[in-house]
Amino acid sequence: MSETVHAVPQGFKAAIGPAELAQLHADFAADADAFWLSQAKRLDWTRFPTKAGDWSYAREDFHVRWYEDGELNLSVNCLDRHLAERGDKTAIVFEADEPGEGRSLTYRELHALTCRFANLLKREGVKRGDRVMIYMPMIPEAAAAMLACARIGAIHSVVFGGFSPESLAGRIEDCDARVVITADEGVRGGKKIPLKANVDSACDMAHGRIDRVIVVTRTGADVAWTEGRDIRWDDVFESLSDDCPAEAMGAEDPLFILYTSGSTGKPKGVVHTTGGYATWAATTFDWIFGATDNDLFWCTADVGWITGHSYVVYGPLMMGRSTVMFDGVPNYPDFGRFWETCDRLGVTIFYTAPTAIRALEREGDVPVKAHDRSSIRLLGTVGEPINPAAWEWYFDVVGDQRCPIVDTWWQTETGAALIANLPGAIDMKPGSATRPLPGIQPLLVDAEGRELEGAVSGNLCLRSSWPGQMRTVWGDHDRFFQTYFTAYPGLYFTGDGCRRDEDGYYWITGRVDDVINVSGHRIGTAEVESALVMHPKVAEAAVVGVPHDVKGRESTPSSPRLPASPATTISAAS
Ligand code: AMP
């Protein structure tokens with residue numbers, strides 16, 4: 001099979017070069033505890049932890065804890081600690097659905113907005129440990145709402161604004177939330193999304209659990225109102241102090257719950273805690289993107305996904321950088337939207353998903369070339385395996401072969417990236433997330449859990465914990481253990497199939513429970529999809545199994561993340 005290798009483009013100024021990367025790996029190998037404690041120094045702690053990881057994946061002693069005796073507040077780390085030096089620096093650039101209709105907030109302004117939100121939550125009786133649902137468009141108030149929860153120790157659960165009232169109600173019930181923060185409407189691609197009306201339906205379905213609905217004005221639409229329950233943000237704004245003391249949180253206090261579907265069963269409430277999540281989100285943001293004070297970072301993900309949590313809000317803000325919150329879609333008002341916006345705002349680092357890249361590739365080069373894009377210096381991809389053809393297009397056409405591409409593999413469960421190329425230190429191979437980050441110890445196993453060495457395909461597991469690992473499934477700790485730690489005892493099983501090549505690069509082949517079974521061969525859906533989209537007339541592909549009398553049935557796992565034999569490798573690149 002032929003694999004292209006791309007060296008880091010000349011002229012790219014790397015934050016971490018090969019020597020620094022080698023040193024990080026050496027530091028971890030020499031003293032893991034010291035290594036992890038030194039990463040935690042990126043944050044301000046009111047009590048710095050004395051030890052790093054305390055974990056065991058064994059059934060009889062199963063636990064995962066990080067920085068346990070440390071104390072900190074994440075909103076202080078994202079806001080207060082920057083005020084002295086960066087108070088007037090832009091924290092968030094809000095880019096609305098209509099090009100140019102957004103606004104920017106400085107760190108000082110975002111701090112004030114967050115404090116007001118925190119004071120409202122407190123006034124309405126929200127306490128440390130209470131759950132707050134956030135169902136909002138990509139507006140600065142969404143970030144402020146998350147940070148406000150973190151400030152007072154409430155646990156936020158952001159639900160993507162495209163989800164139905166039923167989904168929202170199910171999540172409200174699962175985590176027993178009493179408060180929802182929403183907007184009157186959302187606007188995406190010129191279309192209105194009835195967020196408040198959806199919340200009203202969800203509240204009905206959630207059997208009166210919700211005591212308060214806080215409504216931010218986005219469009220000014222006339223929405224139905226439940227007196228005594230609904231609070232209009234605009235009405236209370238002036239009455240709220242823009243100063244709110246922050247709670248000192250234990251490192252292991254939950255920060256947020258984020259629901260992920262999984263392949264079977266009801267959505268899992270993935271729980272992330274404060275100190276470990278924050279350390280890993282800040283560290284990986286720093287290592288991978290190397291953003292400086294001169295950068296404007298744009299991750300196109302919605303805050304309803306983990307990528308939006310870690311790389312739109314928490315990672316960039318902890319590191320005191322400027323981050324874009326985009327409330328639109330890639331094809332509105334036209335297919336040049338991303339690049340027009342990059343030019344207008346001066347975006348320097350651009351991070352998106354293969355689906356978006358393929359959708360834009362389908363439209364050809366003209367909408368890209370119509371814009372300058374010279375501000376961009378680094379590109380990124382996340383969310384699924386990127387097929388090599390789309391990677392090459394992203395590199396050649398969008399990045400003009402000037403910009404490295406970081407391919408970041410991770411999961412809701414991992415909090416932040418685990419396998420990714422540091423752009424100045426690792427050569428790129430289109431379609432591979434490349435190598436594990438320092439401190440991360442992946443391995444491949446066969447169906448029986450035997451470790452596979454060398455260049456081989458297998459099931460991707462992790463040998464050891466890292467600070468950003470999820471801690472539990474909300475309300476169902478046993479499900480956490482059963483889902484991730486029973487397939488291969490003593491290991492965390494990611495659920496992904498993977499090939500490792502002769503250079504030690506990792507190639508994710510997709511979920512192993514997402515395989516199609518053809519005449520007894522288990523084939524990763526990503527591999528088939530990648531082959532299909534190589535055809536110039538195919539822009540996007542999703543492979544589904546169809547039962548067949550002769551060739552077999554689609555794979556129907558009986559439990560989530562079914563341990564499976566390694567997916568047969570048919571390579572789209574060969
Ligand atoms: P989620 O938890 O919804 O964010 O999905 C995580 C899954 O997306 C992973 O287990 C992978 O299957 C896939 N994924 C995410 N990023 C990448 C990537 N860079 N390359 C390959 N697969 C990815």
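A short reminder: the numbers here are calculations on the coordinates, not readings from a lab. Every value quoted in this text rests on a predicted model; they were computed, and no experiment measured them. A quick note on method: Cβ atoms are made from the backbone with ideal geometry, for glycine too, and the neighbour counts reach across all protein chains shown.
Cysteine residues of the chain whose Cβ has no partner cysteine Cβ closer than 4.7 Å: CYS78, CYS149, CYS175, CYS203, CYS299, CYS342, CYS403, CYS461, CYS498.
In segment 113-250, Rg over Rh equals 0.94, where Rg is the alpha-carbon radius of gyration and Rh the Kirkwood radius from pairwise Cα distances. Here the Karplus relation 6.51 cos²θ - 1.76 cosθ + 1.60, evaluated at θ = phi - 60°, turns the backbone of segment 70-85 into coupling constants of x, 9, 6, 10, 6, 5, 5, 5, 7, 10, 3, 5, 8, 4, 4, 9 Hz, with x for every Gly and Pro. Cross-link partners of LYS537 among lysines, defined as those whose alpha carbon lies under 24 angstrom from its own and excluding same-chain residues fewer than eight positions apart: LYS369.
If you place +1 on the Cβ of every Lys and Arg, -1 on the Cβ of every Asp and Glu, and leave all else neutral, what size is the dipole of the chain about its Cα centre, to the nearest 20 Debye?
Working: 55 positive and 79 negative charges, 45 e Å.
With Lys and Arg at +1 and Asp and Glu at -1, about 220 debye.
Taking the Cα centre as origin and putting +1 on Lys and Arg beta-carbons and -1 on Asp and Glu beta-carbons, what dipole magnitude results for segment 135-271, to the nearest 20 debye?
On the way: 14 positive and 21 negative charges, 123 e Å.
That gives a dipole near 600 debye.
For VAL473, the residues whose modelled amide H falls within less than 5 Å of its own, excluding neighbours fewer than 5 places apart on the same chain, are PHE480. Using modelled backbone amide H atoms (1.01 Å from N, in-plane), which distant-in-sequence or interchain residues come within less than 5 Å of SER464's amide H? Hits under the 5 Å cutoff: GLN441.
Here LYS122 is the anchor, and no lysines lie within straight C-alpha reach of less than 16 Å, apart from those fewer than 8 places off in the same chain.
Expressed per residue, the C-alpha convex hull volume of segment 432-508 stands at 89 Å³. Here the simple spin-label model places points 7 Å from the Cα toward Cβ, and for THR50 and ALA30 these points are separated by 2.5 nm. Here the label points at GLU173 and ASP503, each 7 Å from Cα along the C-beta direction, are separated by 5.1 nm in the simple model.
In segment 219-343 the Cα-Cα distances spread across 5 Å bins starting at 0 as 2, 8, 12, 13, 15, 18, 16, 11, 4, 1 percent of all pairs. Rg and Dmax of the chain, based on Cα coordinates, read 22.9, 70 Å. Counting Lys and Arg as +1 and Asp and Glu as -1 over every other residue whose Cβ lies under 9 Å from the Cβ of ARG229, the net charge comes to -2.
Summing +1 for each Lys or Arg and -1 for each Asp or Glu among the other residues whose beta-carbon sits under 15 angstrom from that of PRO137 gives -3.
What ranking of VAL546, VAL445, VAL180, VAL313 emerges when the number of other C-beta atoms within 10 Å of each C-beta is taken as an exposure proxy, fewest first?
Values: VAL546 8, VAL445 19, VAL180 30, VAL313 25.
Starting with the residue having the fewest Cβ neighbours, the order is VAL546, VAL445, VAL313, VAL180.
When the Cα positions of PHE94, LEU37, SER375 are compared along the charge dipole of the chain, LEU37 comes out farthest toward the positive end, with charges on each C-beta of Lys, Arg, Asp and Glu. Under a 5 Å amide H cut-off, with hydrogens placed 1.01 Å from N, ALA91 pairs with LEU105, THR106, TYR107 among residues at least 5 apart or on other chains.
For LYS192, no lysines have a Cα falling under 19 Å of its own Cα, not counting residues fewer than eight places away in the same chain.
Ordered by the number of other Cβ atoms lying within 10 Å of each residue's own Cβ, fewest first, VAL347, VAL199 fall into the sequence VAL347, VAL199. Within the shell defined by Cβ-Cβ distances under 12 Å, the residues around ASP334 carry a net charge of -1, with Lys and Arg each +1 and Asp and Glu each -1.
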